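Could you have a look at this structure, given as structure tokens, before my questions?
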Amino acid sequence: MLNAFNGRAVQSNVANLMQRDEHRQARAILEWLSSVNYATQQSDCLSRRQLGTGKWLLESIEFQKFLKEPKQTLFCQGIPGAGKTMLTSIVVDHLDTTYGNDENISLAYIYFNFRRSHEQRMEDMLAGLLKQLVQGQSSLRIQ
């Protein structure tokens, strides 16, 4: 009886170690893809949001069309400091809240910073999007 118990405990410990190693490898691959963590920027921006900010955008005809019709692009332009990043974080939060549990939908986004334009090469941005899409797959959900 003791051997059976020890055998199950050893088997469980080995499975846990293997799972931890797989997670470590997956995190290393994701970090290799891109070291940029847009989710951190997203959280930081949302933490500074005032109640009601961006409500006008989420309720706008343009945003509703973006949500309901296929192949839509929502473009937001403005001078530095106009609030584009804040509005983007509100839209991303809304989309994540609305569709985050839908396995048929993946959400990926990029934040640009004109002060760090030298770091924002096309291949880095594409790698950042790929990293987010991989993280969004249920079979690969590693943070």
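Bear in mind these aren't lab numbers, they're just calculated from the coordinates by the rules spelled out. The model shown is predicted, which means the values in this text are computed figures rather than measured ones.
Post the alpha-carbon centroid distance, the range 32-79 to the range 87-108, in whole angstrom.
Spelled out, the Cα-based centre of one part sits 9 Å from the other.
May I pose another question? Please report Rg over Rh for the range 34-136, where both radii come from the alpha carbon positions and Rh follows the Kirkwood definition. Walk me through the intermediate numbers first.
Numbers: Rg = 14.1 Å, Rh = 14.9 Å.
Taking Rh as the inverse mean 1/r over Cα pairs, Rg/Rh reads 0.95.
What are the lysines whose alpha-carbon lies under 17 Å from the alpha-carbon of residue 65, with same-chain residues fewer than 8 places away excluded?
55
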